[in-house]
Amino acid sequence: MEAAVQAESIPGRLLPLTILQLGWRNLRRNHRRTWITATTVALAVLLVQVAVSLLIGIEQQSFDNLINYQTAHAKLYADGYFTKREELPLDYTLTDLQELRATIEVVSGVAATTPRLNFSAQLSNGIDLYACIGVGIQVTDSDDDVFRIPQAVVDGEYLRSGEEGMLMGTGLAELFGVATGDWMTVLTKTKAGAYEALDLPVIGLIGTGNPLIDRNSFLVPLETAQYMLGLDGYATELAIRFSPTARSEETLSAIARAVDNQHLEVKGWREMEEDFMALVQMKRTGQGVFLVIFIVLAVVGVTNTILMASFERTREIGMMMAMGLRGSGIRRLFLTEGALTGLLGGALGTLVAVAITAYFATAGLDITAMYGDIDIGYPVKDTIYPAVNITVIVASWLLTGVLAALASLYPAARASRQIPVEALRHV
């Protein structure tokens, strides 16, 4: 069917609105092919947006996990400790803890602080012996203001002030084959180099989703750790939680100024986990490249659709060129049709993706139910909550339109190079 042309001639340059109207009309002429192509694009956009939403959700959950169970928002160390922190040295410690906490907690943006004492140890159930990380925490009034360990107790109970006992990660408990109520022997070395052994009951198991804690760590009251290590009144770090409205960099700078000339150093959680952040960035880059390639493969179908349309409308193209429309106008018309096809498919895929993401952002996606006990490379718990990101949604939709227009370049160029006389002879 030939396109209806009311005027005796067509201007050499079509107005943008006219091109949009003609492009949309042409897509409707073969609506079945248009919808098939748009559906292909929609499926690609749907998969990409859901995948990106999952990745963003996983990243945010992993960041929250690190802050809530391992790093807090920041930590204060004695000079020299941070560079050797993986060795868990006892030579760089904090003292005058109450005074130090009072100094930090008046800083704008700081919500709470708590001292911790990290140490290397070996655990034994009488049969097996494994190297672990011990953490002394202040049970009485502050650790649960900074960390969220009580919410991670999956069996037994949280540590109680004045009572000896330990919290053990679920992975570590599984390794030993122990449960709450069983006794473990803690073997460690004091700051002076003397060996110390202490029997403690397992009063609770914690599952945080963080492998460092679940598989390698146990927690004891701060007083117990100080007694075993001969460090009464000392800690290796002061963990700091910021208020929800705090500006991280400004708060870190304010803390640094508050402890200036005290041989102390403050580190934000991103600096503490710089290796993990580098890994996250690498994954983002790789995943981004893969997802763009996926969309490109999907919009290649637009090339076929527009190419078929250019063959079918050869006489129509010749007639429009004979009536004065330039080759540039033909190119823009076909590029517009390609872009509209991509935007249409992108809009359909986006609507479905937003609906799916919004549902699982509330209900969650239980990965253990689908894959069992699988390590996805991020410190997250069993349930993943995708995140709806408006920037990603709009950007991917617009990118689909741009890529679809680019996919139409060859058919558009071919159509614009036709000779009117020869095109009019086409049957």
Q. Out of region 190-214, which residues are crowded, with 17+ Cβ neighbours inside 10 Å, touching a strand residue (DSSP E or B) at 6+ places or on another chain (Cβ under 9 Å), of a type outside the set (Val, Ile, Thr) and touching a residue at least 40 places away in the same chain (Cβ under 8 Å)?
A. 204, 205, 207, 210, 214
Q | Residue ID - surrounded by the most Cβ atoms within 10 Å (Cβ to Cβ), chosen from residues in region 160-182 that are touching a strand residue (DSSP E or B) at 6+ places or on another chain (Cβ under 6 Å) and within 20 Å of residue 119 (Cα to Cα) | A | 168
Q) Can you tell which of 103, 95, 71 is of a type in the set (Ser, Thr, Tyr) and closer than 29 Å to residue 207 by Cβ? A) 71
(Q) Going by what's in this entry, would residue 98 be described as in a helix (DSSP H, G or I), surrounded by fewer than 18 Cβ atoms within 10 Å (Cβ to Cβ), out of contact with any strand residue (DSSP E or B) (no Cβ under 8 Å at 6 or more places or on another chain) and assigned by TED's automatic domain parsing to the domain that holds residue 361? (A) no
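Conditions tested, residue by residue: (1) in a helix (DSSP H, G or I); (2) of a type in the set (D, E, K, R); (3) at pLDDT below 95.
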| position | (1), (2), (3) |
| --- | --- |
| 36 | yes, no, yes |
| 42 | yes, no, yes |
| 45 | yes, no, yes |
| 48 | yes, no, yes |
| 59 | yes, yes, yes |
| 62 | yes, no, yes |
| 86 | yes, yes, yes |
| 104 | yes, no, no |
Q) Looking at (1) of a type outside the set (D, E, K, R); (2) under 28 Å from residue 107 (Cβ atoms); (3) out of contact with any Asp or Glu (no Cβ under 8 Å at 6 or more places or on another chain); (4) surrounded by 14 or more Cβ atoms within 10 Å (Cβ to Cβ), which is the one condition that is false for residue 244? A) (4)
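The values are calculated or read from the model by the stated rules, or taken from the named source; none is laboratory data. This structure is a prediction, so every number in the text was calculated from the model and none was measured. Cβ coordinates were reconstructed from backbone atoms using ideal geometry, including for glycine residues, and neighbour counts include every protein chain displayed.
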